[in-house]
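Every number in this text was worked out from the coordinates using simple rules, so none of it is lab data. Computed from a prediction, not measured in an experiment: that's the story for all the values here. Cβ placement follows ideal geometry from the backbone for every residue including glycine, while neighbour counts extend to all protein chains displayed.
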Amino acid sequence: MTTIIIGNSAAGLAAVKSFRKYNQTDELILISKEGGLAYSRVLLPYVLREKLPYEGLFIREKAFYEENKVTYIEKEVKMVDDVNKAVVLTDETKISFDKLILATGSFAVAPPIEGIKQEGIYHMWTKADVDALLPLFATKKKMAVLGSGFVALQGAWAAKTRGLDVTVIELMDRIMPSVLDVKGATILTEKIKETGVVLKTGTVTERFEKLEDGTFKIVLKDQEPVYADFIVVGTGVRCNIGMLEGSGIACDRAVLVNENMETNVAGIYAAGDVAAGPTTFGDVHKVHVLWPTAVEMGEIAGANAAGKKLEYRGSLNMNVTQMYDATVASMGLFNENDIDGSREMPVGEGYLKVCYKDEKVVGVCLVGDSESVSLFGKLRPIIRKGEVIDCEPEKLEQYVNRKAFQTAKR
């Protein structure tokens, strides 16, 4: 029996470990188009900020593949033949499988703006992106960032800490709409401006013009243009499903999987950024482009490909980072139209907002100090279990700490 895993990041690596936990004998092949040692996408901004050495990106040594009896192939998959159970590589090599795990991740996309596809305009999603940006961070003076999501703002913060002049251009009227509520975004906006980053929200970018000296003029609608030596685009990602075109594997912008991480084709699984699966809140198919979710999904997919029948309890969106001298985090549901109510706790110069629906804690939003992360993290299992608890902030904190203590004693 042969199992193939396509992808060498969070989901694929977790699938390897989980598969070998339950099956030590069957052939296991991992195919990666990037090649080289596996690295963490989460750590890319820390390398740009020089808070982490370049070597710190890598999360697996060659020994990992040897110890887990993995045949590692550095090639790109051109197509998946689900009928004849084979993958076709770009060099036309065909490899047959009995089980297949799709852990192909996602890729950064750019909006359809004139001049956006030219030298000097980058993303910040892969090691190759960071390889291109590192010398620019060391030699250039002005950077512009398109977008204000997690990746975009981390890139802007990294550049600012390296001494660059930074301008962030955002189409929406506020930053991070999918990660922070309005109050959290307002607090973080002020912190960003305090660092000297120029933040332009509600701004339409019309085109990018490259000047004779290789720098850029960014033409904005109804505003003065912005000038930059180079540009980082952080406006979103899409799932890597191109190799599934023409197959019978059901997709809707992502690969649709059930609670076993199995697709509509028996024996073919998907996990991580490429997979739309169940969530804590009852969604049947939803994508969470998050490292912890990819690991959880990969573990389930690997175990089931090995012969188990495990069920995924559902993903819970969670983002935590440190930037602009603040801890920025969110989890679950926190926007007003998704909840019944909320309670706020002051944390330093910021706040922690606990959100409720049907008397259950369903989300948390935080912009504050690093000490607040402890309570934030302890709320995760409570949200996942859907516990009905007291809504008073003081009692909530006591309850959460007591639950955490009881769990630790077990």
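Each peptide among 212-218, 365-371, 74-80 gets the average number of other Cβ atoms lying within 10 Å of its residues, and from highest to lowest they stand as 365-371, 74-80, 212-218. Our analysis of the range 178-322 gives Rg over Rh at 1.12, with the two radii drawn from alpha carbon positions and Rh computed by the Kirkwood formula.
Averaged over residues, the count of other Cβ atoms within 10 Å places the peptides 382-388, 259-265, 111-117 in the sequence 259-265, 382-388, 111-117, highest first. The reciprocal of the average 1/r between distinct C-alpha atoms defines the Kirkwood hydrodynamic radius, which for the range 121-233 equals 14.3 Å. Working from label points 7 Å from Cα in the Cα-to-Cβ sense, the Lys217 to Val320 distance is 4.7 nm.
Inverting the pair-averaged 1/r between distinct Cα atoms of the range 7-53 gives 12.6 Å as its Kirkwood hydrodynamic radius. Of all DSSP beta bridges confined to the range 121-233, the antiparallel ones make up roughly 35%.
With the simple model of a label 7 Å out from the Cα in the direction of the Cβ, Val109 to Leu52 spans 2.7 nm. Exposure proxy for Trp291, Trp157: other Cβ atoms within 10 Å of each Cβ, ordered fewest to most, give Trp291, Trp157. Measuring nothing but alpha carbons in the range 278-347 and taking Rh as the Kirkwood radius, the Rg to Rh ratio lands at 1.08. Counting only lysines at least 8 places from Lys140 when in the same chain, those with an alpha carbon closer than 25 Å to its own are Lys51, Lys117, Lys127, Lys160, Lys191, Lys193, Lys200, Lys210, Lys217. Global dimensions of the range 117-173 from alpha-carbon coordinates: Rg and Dmax equal 11.0, 32 Å.
Compared with the direct C-alpha span, the chain from Glu76 to Lys193 gains 37.8 nm at full extension, assuming 0.36 nm per residue. For Gly115, the residues whose modelled amide H falls within less than 5 Å of its own, excluding neighbours fewer than 5 places apart on the same chain, are Phe208. Within the chain, the proportion of Cα pairs with more than 42 Å between them is 17 percent.
Per-peptide packing, taken as the mean over residues of other Cβ atoms within 10 Å, places 241-251, 313-323, 143-153 in the sequence 143-153, 313-323, 241-251 from highest down.
Between Thr279 and Ser315, the built amide H atoms are under 5 Å apart, and every one of these is 5 or more places off in sequence or on another chain. Spin-label pair Asp98-Gln398: with each label point 7 Å from Cα along the Cα-Cβ axis, the two points sit 5.8 nm from one another.
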